[in-house]
Amino acid sequence: PGKVFGEIGFFHDRRRKASVRASERGPVEVLSIGYEDLDQLLSQSDSTREALHQMAKKRLADGLALRGGQP
């Protein structure tokens, strides 16, 4: 619950495909929003933009750590 994906591509201009697996334990709700629409929404809330940006930074750092620091 509460997970997001695509935030790295949004902040680092790396449009790519993501694979997502849903839980088999119950229903899943997913919101899909294009980059342009997301940018417009985030322009209305600096705190939300910063929170999503921090998520992207953490996920990048975690990914690099898993790969032994290799980009």
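For a Förster distance of 30 Å, can you work out the FRET efficiency between the beta-carbons of D46 and E24, rounded to the nearest 0.05?
On the way: r = 38 Å, r/R0 = 1.26.
Efficiency, rounded to the nearest 0.05: 0.20.
Would you work out the charge dipole size for the chain about its Cα centre, treating the Cβ of every Lys and Arg as +1 and the Cβ of every Asp and Glu as -1, and quote it to the nearest 20 debye? Walk me through the intermediate numbers first.
Details: 12 positive and 10 negative charges, 96 e Å.
Dipole of the chain, to the nearest 20 debye: 460 debye.
Please compute the Cα-Cα pair-distance distribution of the chain with 5 Å bins starting at 0, giving whole percents from short to long.
Per 5 Å bin, starting at zero, the Cα-Cα P(r) for the chain comes out as 3, 13, 21, 26, 18, 13, 6, 1 percent.
For the chain, give the percent of accessible area contributed by carbon and sulfur heavy atoms, probe 1.4 Å, rounded to a whole number. Could you put the intermediate results ahead of the total?
Values: 3310 of 6370 Å².
Carbon and sulfur atoms account for 52 percent of the accessible area of the chain.
Put +1 on the Cβ of every Lys and Arg and -1 on every Asp and Glu Cβ in the range 27-71; which of M55, L38, G68 then has its Cα farthest towards the positive end of the dipole?
So the residue furthest toward the plus end is G68.
For the chain, what does the accessible surface come to per residue with a 1.4 Å probe? Please give it in Å².
90
Once fully extended, how much extra length lies between Y35 and F5, figured as 0.36 nm per residue of separation less the alpha-carbon to alpha-carbon distance?
On the way: separation 30, 0.36 × 30 = 10.80 nm, distance 1.20 nm.
Gain on stretching Y35 to F5: 9.6 nm.
The values are calculated or read from the model by the stated rules, or taken from the named source; none is laboratory data. What you are looking at is a predicted structure, and each value in this text was computed from that prediction instead of being measured. As a convention, Cβ positions derive from the backbone with ideal geometry for all residues, glycine included, and neighbour counts pool all protein chains shown. These area figures cover heavy atoms from the full protein model, side chains too; ligands, DNA and RNA do not enter into them. Shrake-Rupley method; radii C 1.70, N 1.55, O 1.52, S 1.80 Å.
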